[in-house]
1. Would you say A:Leu180 is touching a Phe, Trp or Tyr at 6+ places or on another chain (Cβ under 6 Å), within 24 Å of B:Gly182 (Cβ to Cβ) and either assigned by TED's automatic domain parsing to the domain that holds A:Val203 or part of a helix (DSSP H, G or I) (or both)?
2. Take the residues in segment B:125-169 that are under 17 Å from B:Asn199 (Cα atoms) and aromatic (Phe, Trp, Tyr), then tell me which one is nearest to the other protein chains (Cβ to nearest Cβ).
3. Failed condition for B:Gln274, given (1) part of a helix (DSSP H, G or I); (2) within 14 Å of another protein chain (Cβ to nearest Cβ); (3) at pLDDT 95 or above, with all others met?
4. Being out of contact with any Asp or Glu (no Cβ under 7 Å at 6 or more places or on another chain) and more than 14 Å from chain B (Cβ to nearest Cβ) narrows it down to one of A:Leu236, A:Leu257, A:Leu190, so name that one.
5. Which one of the conditions (1) more than 13 Å from chain B (Cβ to nearest Cβ); (2) at pLDDT 90 or above does A:Leu59 fail to meet, given that it meets all the rest?
6. If we scan segment A:156-177, do we find a residue that is assigned to a helix (DSSP H, G or I), away from every other protein chain (no Cβ under 11 Å), touching a His at 6+ places or on another chain (Cβ under 8 Å) and modelled with pLDDT of 90 or more?
7. Test of understanding: among A:Asn79, A:Asn124, A:Asn86, A:Asn44, which residue is open to solvent by 10 Å² or more (accessible area, probe 1.4 Å), within 11 Å of chain B (Cβ to nearest Cβ) and at pLDDT below 85?
Amino acid sequence: MTSGIDSSPEIISQDVSSSSERQMSQAEISDSRIPASSAVCLPNFTALHSLVLLADSALPLGSFAFSSGLESYLAHRTNKSSSGSNGAAFHSFLRLSLSTLASTALPYVFTAYRRPSRLEDLDNDIDASTPCTVARRASIAQGRALLSVWERSFKPHYGEAKDEALRPAIDALKAFQYKLRNAVEDIPGLGINAHLAPIWGVVTRAMGLSLQDSAYMFLFSHARTVISAGVRASVLGPYQAQHVLAMPELQEIIRTLLEATWNTEVEDAGQTIPAMDLWIGRHEKLYSRIFNS
Amino acid sequence: MSFSNPFSLSSSRPGNGNILVSLLPPSTPVLQTLSYQYPLKLIAPNPITANDRLVYTVFILTYGGGLVAGDTILLDVTLAPLTRLTLLTQGSTKIYNTPDRKKLTQQYTVASIADGSALCYLPDPVQPFARSAFSQTQVYNLQSRTNSSICVCDWVCEGRPARNETWSFYSYTSKNEVWLTGSGELEAPQKKRLLIRDNLIMDDNGSFSTGLRERVDGQGIFGTLIIHGSMFEQLGNHFMNEFEHLPRMGNRKWDDHVEQVVTDPIQAARLSRQGREKTDGLLWTSAKVRGSVLVKFGAKEVEGARRWLYAMFKAEGTVEREFGERALLCLR
């Protein structure tokens, strides 16, 4: 809690202006920014709380089972004589992977967040746009897991909100869940799949996150998944992994990608890295593998 | 302020083309409409008979063999029930450079495939020159999910490697969509359903510092093949089956120096094709997606990809049998 108070500018200014502390030495002043007993006014933590909940790496999305093509990419790399170290290859892959996710899936997060009632259509369209079995399997597994977490853990607390801004998302999830459970198919074999990106958009809206935070976290979680896969594939160590996650460059990449796709319609979402489809699709052709994708 | 035009507007617009194959009862297909406007040119040689059916062929050409900045092609293709059409090109479609990266060359193709009809569209690859900007969309409207059949290829190469052009265009986007427009199979007949959307976006002013070269990983050509419908079911299975039979990556080759004797002709053809895949740097993947088979491939050079596609189609035989040897013209 102290860090939360420390970062609040109003509290600091209150503190410094109190007359008794003006006589303190410089060192004492800089140490005494945390008030012991003055009344604090804390901001509303609801959005932060939701953010922390969804950002938890313990969220059972099963993303530990997926490397998003990293494993296959590294396997294809070993065939190339001119390749550098695996570490350099990893960094290059991370950027490519984020870029692919931003161009293919992020528009679905944006649109689902903005218009939750389109959830079912978006789910159909992203399914039609996912060209390979491996990527499709990963996206559906995580989407369904998120939907289950919503249903079992979050809905009892968030599901009854009266807020006009949250209601459409909550109702959309309810209708979607109903159709998924009862396997409603208007055309055989073309039922609901529950891909991650549109579900993410709607769930984060239902939990009161801002669109910026939701989209940022979508890309950040992907980076974390790929990096943790990198640790398990022993291309980088656990400290290095945190180092990469903390890099300002990562923030910059995510920010640039958000800016570039902010207004992209789902109809214009697409693959920007043609080789990525080949790497992910050929994951099944690896002789030995530790990941599902 | 607006003025009414005293002259009626011409219905023909530059770059527009129309192809309509209809059925003369009881069962004779005819090429009812074939119209086109500069810079588009359509040529229909005499139809051939394949598997007792009359198959029409239309060559899609452009004056000068390529498109310049600002050209817009709008091609409308309609296949009546029980008809067949082969679409071909004569050499790669060249996209010339543009003075301004925002001035696009565009091509838009809409094909409607009725119940029981089939389209085979295996063109030459698109060849975007340095500093060109191209955008194309192909929309395939299927009336029947099972009995409207398509076998279409969309591929793009790096430019003119002889002039050191490697993916040095400004932008290239190509979108393929397969829609079920339906009759009877859908609850609400007005509502179309998207079956496949395959969108490739290659743009050199990409959002961050990954240049095009890094994104193509040393390949010189990429392509997508969409196979859908009952007529091409065997063909789709062939691609899936051959993908299954690809050797596993990272497997130790214990028998490197042992000469294998292969007597099975299918196995022998497979092994020789796989050998060529390796030398041509050809990587491919095949997936069953919502009733279609979607094949993605990449190779170092155009010729390698061409050879591979030809070998795959030739070994299976559906296209040759149902559309004639000519349908594979662009792959030879």
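The values are calculated or read from the model by the stated rules, or taken from the named source; none is laboratory data. The model shown is predicted, which means the values in this text are computed figures rather than measured ones. Ideal geometry is used to build each Cβ from the backbone, glycine not excepted, and the neighbour counts take in all protein chains shown. Heads up: the accessible areas ignore ligands, DNA and RNA and are worked out on the full protein's heavy atoms, side chains in. Shrake-Rupley method; radii C 1.70, N 1.55, O 1.52, S 1.80 Å.
1. Numbers: touching a Phe, Trp or Tyr at 6+ places or on another chain (Cβ under 6 Å): no; within 24 Å of B:Gly182 (Cβ to Cβ): yes; either assigned by TED's automatic domain parsing to the domain that holds A:Val203 or part of a helix (DSSP H, G or I) (or both): yes.
Answer is no for this residue.
2. Once the filter is applied, the top-ranked residue is B:Trp155.
3. (3)
4. Working: A:Leu257 fails: more than 14 Å from chain B (Cβ to nearest Cβ); A:Leu190 fails: more than 14 Å from chain B (Cβ to nearest Cβ).
Going through A:Leu236, A:Leu257, A:Leu190 in turn, the sole match is A:Leu236.
5. Failing condition for A:Leu59: (2).
6. Step one: list which residues in segment A:156-177 are assigned to a helix (DSSP H, G or I), which gives A:156-158, A:167-177.
Next, only the ones that are away from every other protein chain (no Cβ under 11 Å) stay: A:156-158, A:167-177.
Subset that is touching a His at 6+ places or on another chain (Cβ under 8 Å): none.
No.
7. On the way: A:Asn124 fails: at pLDDT below 85; A:Asn86 fails: within 11 Å of chain B (Cβ to nearest Cβ); A:Asn44 fails: within 11 Å of chain B (Cβ to nearest Cβ).
Criteria check complete, one pass: A:Asn79.
So that you can scan it fast, the table gives a plain yes or no per residue for (1) within 14 Å of another protein chain (Cβ to nearest Cβ); (2) surrounded by fewer than 18 Cβ atoms within 10 Å (Cβ to Cβ):
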{"site": "B:Arg290", "(1), (2)": "yes, no"}
{"site": "B:Phe297", "(1), (2)": "yes, no"}
{"site": "B:Glu303", "(1), (2)": "no, yes"}
{"site": "B:Trp308", "(1), (2)": "yes, no"}
{"site": "B:Glu316", "(1), (2)": "no, no"}
{"site": "B:Leu328", "(1), (2)": "no, no"}
{"site": "B:Leu331", "(1), (2)": "no, no"}
